[in-house]
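Data first, discussion second: the structure below is written as structure tokens.
The values are calculated or read from the model by the stated rules, or taken from the named source; none is laboratory data. Since we're looking at a predicted model, the values are computed, not measured. Virtual Cβ from ideal backbone geometry, glycine too; neighbours counted across all protein chains shown.
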Amino acid sequence: MSRIAVIGAGPAGLLAALETAEAGHDVVLYEAAGRVGGMSASFEVAGQRVDYGSHRLHPATDPDLMARIRNLLGDDLQTRIRNGRIRLEDRWVSFPLQPGPMVKELPFGFSARVGIDTLKKPLRRGEVDSFDKAISQRLGPTVAERFYRPYAQKLYGEPADDLTVELADKRVSATSPLQIFAKALKAAKADGRTFFYPRNGYGQISDALGAAGINAGVDQRLCAPVEAIRCTEDVEVTAASATDKFDAVLSSMPIDLLVRALEPAPDPAVVDAVDALRTRAMILIYLVLDRPQFTPFDAHYFPDASIHTSRLSECKNYRNADDPAGQTVLCAEVPCWVDDELWNSTDDDLGALVADELIRSGLPDPQHVATETRRQARVYPTYERAHAGSRALVEAWEPEDPRVLVFGRQGLSVPDNIHHVMAMGRDAAAVVRVDGTIDHDAWRRARTRFAEHVVQD
């Protein structure tokens, strides 16, 4: 029996550990935190299960993977209908976009400009060398200016023209206004707005994968940050001051931590390239309200650059569950940089900031009675044009030792959805041979598929 180390207990690592153990290997799963799930975990605020921001399991999930999740969660995996809104032209517009509400809710002038942009698309020429230019050419200058340009700067901390075309490929599925309209036609039917969500919070998926892994024999080690990976006769992993030997390592730990843990160290050019890549942080601000519901909507989106909040979700509205009857919890997502003014603000100040922004956006005064926050240092890879060469080098890099494989959202520094990263975990497990060696040709083919992932929102 081969001995395999899996590093990182987010959804990718959990599934990789589970399926590697099911294949007959002796598996140790290392996780730095005291719980599984990473950013896909859930926890309690004011007695209510909440997530690290707004999460959904999309219908685009691979059918076999969806079947596995259904088998683990049973009836707790609920089928839900999206009911969100987006702030455009100082108005609230139903999201996902639908033809009828679009006509009623959007100003005629805005719709007319989008229509003209659609007719002019064949005439748009010129070099497409940035996120901004890609969106302008594909969707027209109106949509770029009124939505994607300010929203991109809010999420990634840089002007849209300083971000790469690759980011547009990964984050925006539509390539023309007609495609947006086609999606809107689909969303006009309830089954076109379907998503899946667990009764006990999004983290229930991770919890179930973790429990299934333990049942399959996974040695799950929490509070065990990996300090070193030494590639000698064996592969030695040191975590929490203890060292174990393995035949192979599957790593989903953040890539900057990985390159510093590897011994021998990667080529200095690779280390420098990893250091050049920035990742946008996020503060999650939870407002506790003494009322049963704030609005009937599951999420509100704020592209306006004057608003720090990018998205507001109301956890209760994602599920049917035994939530406290007289309270609700809102989650505001505020992108920032680690150690900037927002990052260092007090919880009370952040709660007041969010409340003021909601009122300015035409929402009711939340009149919150408590505020909690969670700070996430690594959320959005920035895909800056200035560092495109570094990103290309990192994306092409493979550890020199063939017994080490890198996967996952943090491991590959990609913005993928949970169904994408779970597919990565499944593929990582599948390329581990019976003798514990890794089929790197098969893994490269899998990496080619990963490059085609487009984030679903």
Strands (runs of 3 or more DSSP E) contained entirely in segment 197-308, each with at least 1 residues that are among the aromatic types (Phe, Trp, Tyr): 242-246, 279-289, 299-301
Residues (modelled with pLDDT under 90, basic (Lys, Arg) and either buried (at least 18 other Cβ atoms within 10 Å of the Cβ) or closer than 23 Å to Ser310 by Cβ (or both)) located in segment 91-145: Arg138
Screening Val354, Val369 for residues that are under 17 Å from Pro303 (Cα atoms) and among the β-branched types (Val, Ile, Thr) leaves only Val354
Every residue from segment 364-414 that is within 18 Å of Asp169 (Cα to Cα), part of a loop (DSSP other than H, G, I, E, B) and touching a helix residue (DSSP H, G or I) at 6+ places or on another chain (Cβ under 6 Å): Thr382, Tyr383, Ser413
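Kindly establish whether Ala355 is buried (at least 19 other Cβ atoms within 10 Å of the Cβ), among the small types (Gly, Ala, Ser), at pLDDT 95 or above and not assigned by TED's automatic domain parsing to the domain that holds Glu158. Before you say what the answer is, go through the steps one by one.
Details: buried (at least 19 other Cβ atoms within 10 Å of the Cβ): yes; among the small types (Gly, Ala, Ser): yes; at pLDDT 95 or above: yes; not assigned by TED's automatic domain parsing to the domain that holds Glu158: yes.
Taking the combined requirement at face value, the residue satisfies it.
Does Phe246 satisfy being farther than 30 Å from Gly389 by Cα, among the aromatic types (Phe, Trp, Tyr) and in the same structural domain as Ala17 (by TED's automatic domain parsing)? I'd like the intermediate steps shown before the answer.
Working: farther than 30 Å from Gly389 by Cα: yes; among the aromatic types (Phe, Trp, Tyr): yes; in the same structural domain as Ala17 (by TED's automatic domain parsing): yes.
So Phe246 passes the test.
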Output the residue which, of all residues in segment 59-83 that are at pLDDT below 95 and surrounded by 17 or more Cβ atoms within 10 Å (Cβ to Cβ), is nearest to Ala190 (Cα to Cα). Arg82
Give Ala174, Ala152 a once-over and let me know the one that is of a type outside the set (D, E, K, R) and in a loop (DSSP other than H, G, I, E, B). Ala174
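So for segment 191-198 (the condition being under 24 Å from the mean Cα position of the chain (by Cα) and either under 30 Å from Ser241 (Cα atoms) or surrounded by 21 or more Cβ atoms within 10 Å (Cβ to Cβ) (or both)), does at least one residue qualify? Explain how you work it out, then say what you get.
Within segment 191-198, the first condition is being under 24 Å from the mean Cα position of the chain (by Cα), and the residues that meet it are 191-198.
If we keep only those that are either under 30 Å from Ser241 (Cα atoms) or surrounded by 21 or more Cβ atoms within 10 Å (Cβ to Cβ) (or both) as well, we get 197-198.
Yes: segment 191-198 contains one or more residues that are under 24 Å from the mean Cα position of the chain (by Cα) and either under 30 Å from Ser241 (Cα atoms) or surrounded by 21 or more Cβ atoms within 10 Å (Cβ to Cβ) (or both).
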